[in-house]
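Quick notes on the structure that follows.
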Amino acid sequence: MGLKENIQEIQSRIEKAAARSGRQATDITLVAVSKTVDLDKVRMAYELGLRNFGENRVQELQQKMAGLPEASWHMIGRLQSNKIKDVVGQVKLIHSLDRWKLAEDLEKRGQQAGLEVPVLIEVNISGEKQKAGFPASEVKALLESAGQFKSLRIYGFMTMAPLTGQAELSRPIFRELSDMKQQLSKKSYTNVELKHLSMGMSDDFEVAIEEGASIVRIGTALFRIKDRVEG
């Protein structure tokens with residue numbers, strides 16, 4: 001199967017998972033994770049209809065944005081403060097607000113540039129020490145503090161489930177974040193609009209959609225070209 005077939009298959013699976021959750025496929029944004037994928041293949045994906053692409057590293061993000069500026073780009077990896085200037089005003093959404101200092105630095109840069117800085121709070125639901133993100137217990141306080149910002153705007157949450165290769169094992173993680181969003185959405189916070197849940201990757205995106213994901217981040221399942229087996 002080639003890239004076109006991969007895209008069609010993923011879109012079909014998204015449509016079916018959305019239906020199981022009582023939604024339409026148009027309610028789900030597919031962010032194609034293009035890290036390590038060469039620009040020609042990314043451009044081909046764009047020509048085949050994909051519009052949103054995500055990168056983990058700022059340097060690669062800059063290179064891809066320069067080569068395909070008409071696409072919508074997402075920063076999905078950990079963002080170092082010294083790279084903020086290369087991201088603010090350049091990307092559609094930063095998925096990885098994982099610490100208070102980064103929020104302050106993004107706010108400062110946004111004010112300097114006179115731009116809104118759209119972010120998702122990365123939440124470490126699984127509690128894995130090697131993963132970045134705010135503990136679930138700190139998220140409410142962060143939302144309550146968002147009123148002090150003038151440029152930073154919080155549009156929802158992002159999380160990553162443990163890489164187990166078994167989609168069902170991710171379900172409790174996704175459900176917990178979805179429940180958190182539902183509870184916190186009952187109250188209004190300044191500079192906060194909890195409309196997105198970015199969760200689910202190649203191995204578990206269908207489960208994530210069933211549990212309320214509005215954004216899925218898929219790389220391997222899209223860009224891996226499968227050999228045809230003759231027989």
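None of the figures in this text is laboratory data; all of them are computed from the coordinates on show. All values derive from a computational prediction rather than experimental measurement. Quick reminder, even Gly has a Cβ in these numbers, built from the backbone with ideal geometry, and neighbours come from all protein chains shown.
If I take every Cα pair under 8 Å that is 6 or more residues apart in the chain, average their sequence separation and divide by the length, what percent do I get for the relative contact order? Relative contact order, the chain: 22 percent. For the residues 52, 191, 82, a GNM of the chain with alpha-carbon springs under 10 Å puts the largest fluctuation on 82. Rounded to whole Å, the principal axis extents of the Cα atoms in segment 151-203 read 39, 22, 12, largest first.
What do the square roots of 5 times the Cα gyration tensor eigenvalues come to for the chain, in whole Å, largest first, as semi-axes of the equivalent ellipsoid? All intermediate terms of the calculation are to be shown ahead of the outcome.
Values: eigenvalues 162, 99, 44 Å².
With the √(5λ) rule applied to the chain, the semi-axes are 28, 22, 15 Å.
Dipole magnitude of segment 143-194 about its Cα centre, charges +1 at Lys/Arg Cβ and -1 at Asp/Glu Cβ only, in debye to the nearest 20? Numbers along the way, then the final one.
Details: 7 positive and 5 negative charges, 36 e Å.
Taking the Cα centre of segment 143-194 as origin, the dipole is about 180 debye.
When only C-alpha pairs under 8 Å and at least 6 residues apart count, what is the relative contact order of segment 1-135, in percent? Write out the running numbers ahead of the final one.
On the way: 176 pairs, mean separation 20.1, N = 135.
15 percent.
Tell me what the chain gives for mean residue ellipticity at 222 nm when only DSSP H runs of n ≥ 4 count, each as -39,500 (n - 2.57), the sum divided by the residue total, rounded to 500 deg cm²/dmol. One gets -10500 deg cm²/dmol as the mean residue ellipticity at 222 nm.
Site-free segments of the chain were taken between GluC sites (Glu not before Pro) in DSSP loops having at most 10 other Cβ atoms within 10 Å, sites themselves excluded; the longest one is 71-229. Sequence-distant contacts, meaning Cα pairs under 8 Å at least 6 residues apart, place the relative contact order of segment 127-231 at 27 percent.
Helix 171-184 and the longest principal axis of the Cα set of the chain meet at an angle near 40°. Think of the chain as having a plus end and a minus end, set by charges on the Cβ of Lys, Arg, Asp and Glu; of 44, 74, 21, 74 sits farthest toward the positive end of this dipole.
Is there a pair in 16/131; 150/195; 16/92; 41/92; 16/129; 83/187 whose C-alpha atoms are over 24 Å apart, and which pairs would that be? Walk me through the numbers on the way to the answer.
Working: 16/131 30 Å; 150/195 19 Å; 16/92 27 Å; 41/92 21 Å; 16/129 34 Å; 83/187 33 Å.
From the list (16/131; 150/195; 16/92; 41/92; 16/129; 83/187), the Cα-Cα distance tops 24 Å for 16/131; 16/92; 16/129; 83/187.
The magnitude of the dipole of the chain, with charges of +1 and -1 set on the Cβ of Lys/Arg and Asp/Glu and taken from the Cα centre, is near 440 debye.
How would segment 113-210 be classified by its alpha-carbon gyration tensor: rounded, prolate or oblate, with rounded meaning a/c under 1.5 and the a/b versus b/c comparison settling the rest?
Working: a/c = 2.01, a/b = 1.92, b/c = 1.04.
In terms of gyration-tensor shape, prolate.
Summing charges over neighbours of residue 166, with a neighbour being any other residue whose Cβ is under 9 Å away from its Cβ, gives -3 when K and R count +1 and D and E count -1.
Taking 22 Å as R0, compute the FRET efficiency from the Cβ-Cβ separation of residue 132 and residue 51 and round it to 0.05.
On the way: r = 27 Å, r/R0 = 1.22.
The formula returns an efficiency of 0.25 here.
Rounded to the nearest whole Hz, the Karplus-based 3J(HN,Hα) values (6.51 cos²θ - 1.76 cosθ + 1.60, θ = phi - 60°) of segment 199-210 follow the sequence 7, x, 10, 3, 7, 9, 5, 5, 5, 4, 5, 4, with x at glycine and proline.
Springs between Cα atoms under 10 Å define the GNM used for the chain, and in it the highest mean-square fluctuation of 113, 71, 32 occurs at 113. Projecting the Cα atoms of 172, 189, 123 onto the charge dipole of the chain (Cβ charges, centred on the Cα centre) puts 189 farthest toward the positive pole.
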